[in-house]
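Student: Sharing a structure below in structure tokens format, with a few things to ask.
The values are calculated or read from the model by the stated rules, or taken from the named source; none is laboratory data. Because the structure is predicted, anything quoted here is derived from the model rather than measured. Cβ: placed from backbone, ideal geometry, glycine included. Neighbour counts: every protein chain shown.
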Amino acid sequence: KQEVTQIPAALSVPEGENLVLNCSFTDSAIYNLQWFRQDPGKGLTSLLLIQSSQREQTSGRLNASLDKSSGRSTLYIAASQPGDSATYLCAPLTGANNLFFGTGTRLTVIP
Amino acid sequence: EAGVAQSPRYKIIEKRQSVAFWCNPISGHATLYWYQQILGQGPKLLIQFQNNGVVDDSQLPKDRFSAERLKGVDSTLKIQPAKLEDSAVYLCASSSRGPGNTIYFGEGSWLTVV
């Protein structure tokens, strides 16, 4: 069964800093990996999807990398803003076409 | 394009009562999921439908939870009788048919059992 770990569990940074969120998973037989954002009291917003054949995916200030063989992904956020404060979840997609989630990283960006 | 719609957004019930949640997926999406997210944890898959057939319900507590997707579009998730530990947000999601497609989530239905 897929196990997903996200480190750190919580992170607090001053505005403008670049930061990295880490995700590791135990089963490398995945189709892709999605990074989501969750605001308090809200559902999940898909940020980036990396196919298993890709190494990186970028959207604006976000860059996600995937090392499938070692079971790792990172989400890089450049020039962080207070509006980036949220919980970030990574989720690899398995052959059964469903997502396994970690417990997330709770990010606070201090103005 | 309309997103995944869920209702009700919030529900408070007493233990042993029943509750039902409704989900309307993105138009044309064949795959529909129900996830349970307990506070402080990541979402956990309860059930996955492909059209109106069940693909995976291995983590659905079938003694109290049931779900259906009649006509392969809307879906309902029912809990009867509810327990305190069922307090969670219930997230519905959908995706196009086929592996590897982006999965889109609704805003969730927040359940508190008292």
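Student: A:E15 is checked against (1) buried (at least 20 other Cβ atoms within 10 Å of the Cβ); (2) in contact with a Pro (Cβ under 7 Å, 6 or more places away or on another chain) and fails just one. What number does that condition carry?
Tutor: A:E15 satisfies every listed condition except (1).
Student: Further, regarding this structure: Does A:L33 satisfy the condition of being in contact with a Leu (Cβ under 6 Å, 6 or more places away or on another chain) and surrounded by 12 or more Cβ atoms within 10 Å (Cβ to Cβ)?
Tutor: yes
Student: Would you be able to say whether some residue in the range A:30-37 is over 30 Å from B:A5 (Cβ atoms), more than 10 Å from chain B (Cβ to nearest Cβ) and without any contact (Cβ under 8 Å) to a residue 60 or more places away in the chain?
Tutor: No: the range A:30-37 contains no residue that is over 30 Å from B:A5 (Cβ atoms), more than 10 Å from chain B (Cβ to nearest Cβ) and without any contact (Cβ under 8 Å) to a residue 60 or more places away in the chain.
Student: How many of the residues in the range A:38-62 are surrounded by fewer than 17 Cβ atoms within 10 Å (Cβ to Cβ) and either within 14 Å of another protein chain (Cβ to nearest Cβ) or part of a strand (DSSP E or B) (or both)?
Tutor: So the answer is 13.
Student: Would you check which residues across the range B:84-108 are facing another protein chain (nearest Cβ under 10 Å) and in a strand (DSSP E or B) and list them?
Tutor: Selection gives B:V89, B:L91, B:C92, B:A93, B:S95, B:Y104, B:F105.
Student: Can you tell me which residue within the range B:21-50, out of those that are of a type outside the set (A, V, I, L, M) and exposed (fewer than 14 other Cβ atoms within 10 Å of the Cβ), is nearest to A:Q34 (Cα to Cα)?
Tutor: Within the range B:21-50, the match that is nearest to A:Q34 (Cα to Cα) is B:Q41.
Student: Now for a different question. Kindly provide the set of residues from the range B:63-72 that are more than 18 Å from B:R16 (Cβ to Cβ) and more than 13 Å from the chain's Cα centre (by Cα), ordered by number.
Tutor: B:L70, B:K71, B:G72
Student: Testing A:A79 on (1) crowded, with 17+ Cβ neighbours inside 10 Å; (2) modelled with pLDDT of 90 or more; (3) over 14 Å from the mean Cα position of the chain (by Cα), one condition comes back false. Which one is that?
Tutor: Unmet condition: (1).
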